[in-house]
Amino acid sequence: MSVDVNVIDNSGEVLREFEQKKAAALEAVGITAEGFAKLLTPVDTGRLRSSITHTVKGDDVYIGSNLQYAKWIERGTGIFAEDDSGNPNGEGRQSPWQYYDRNGKAHWTRGVKAHHMLKKAASEHTEEYKAIIKRIMSK
């Protein structure tokens, strides 16, 4: 007695669907993280908030801004300047300085405390990001 067995290899289709869902999940995480960062961003003119965006590269999601001063809002300035781990790095200016606002009024400052809008958006919502990935990948 002989038995015919037909094997159908669907691994390519499964892999394509997996990659599509993974890309969709990472994009959804990026959109969500971008939203959290924007909510945490201080607003003067709104330029910084509107500059925050996200990108997906491979298996990584990045949020950030292309504005030069975004790093100073994120990490602080002067005596409040911090390094990557949030510790004062001593690299900020230690003496007070004067600046002029858009109306020409002079102000003295020793710096600005860090806001960590990007760091907090990335690190304080991991359970929400996991839920997004799980929801999309399980469809």
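The values are calculated or read from the model by the stated rules, or taken from the named source; none is laboratory data. Note that the structure is a prediction, hence the values are computed from the model and not measured. Using ideal geometry, Cβ is built from the backbone for each residue, glycine included, and neighbour counts are taken over all protein chains shown.
Residues in the stretch 91-103: is at least one within 24 Å of the chain's Cα centre (by Cα) and either under 30 Å from Gly30 (Cβ atoms) or modelled with pLDDT of 90 or more (or both)? No, the stretch 91-103 has no match at all.
Within 24 Å of Thr41 (Cβ to Cβ), touching a Phe, Trp or Tyr at 6+ places or on another chain (Cβ under 6 Å), small (Gly, Ala, Ser) and at pLDDT below 95 - does that describe any residue in the stretch 113-135? Within the stretch 113-135, none of the residues are within 24 Å of Thr41 (Cβ to Cβ), touching a Phe, Trp or Tyr at 6+ places or on another chain (Cβ under 6 Å), small (Gly, Ala, Ser) and at pLDDT below 95.
Across the stretch 55-82, the number of residues qualifying as surrounded by 12 or more Cβ atoms within 10 Å (Cβ to Cβ), more than 26 Å from Trp108 (Cβ to Cβ) and either touching a residue at least 60 places away in the same chain (Cβ under 8 Å) or not hydrophobic (A, V, I, L, M, F, W, C) (or both) comes to 4. Could you look through the stretch 41-54, keep only residues that are buried (at least 17 other Cβ atoms within 10 Å of the Cβ) and out of contact with any Asp or Glu (no Cβ under 9 Å at 6 or more places or on another chain), and pick out the one that is nearest to Lys113 (Cα to Cα)? Here the answer is Thr41.
Of all residues in the stretch 1-41, count the ones that are part of a loop (DSSP other than H, G, I, E, B) and at pLDDT 95 or above.
Looking only at the stretch 1-41, we keep the residues that are part of a loop (DSSP other than H, G, I, E, B), and these are 1-10, 41.
Now narrow it down to the ones that are at pLDDT 95 or above: 41.
So the answer is 1.
Count of the stretch 88-109 residues, restricted to those that are surrounded by 10 or more Cβ atoms within 10 Å (Cβ to Cβ), of a type outside the set (Val, Ile, Thr) and either in the same structural domain as Pro42 (by TED's automatic domain parsing) or not in a loop (DSSP other than H, G, I, E, B) (or both), is 2.
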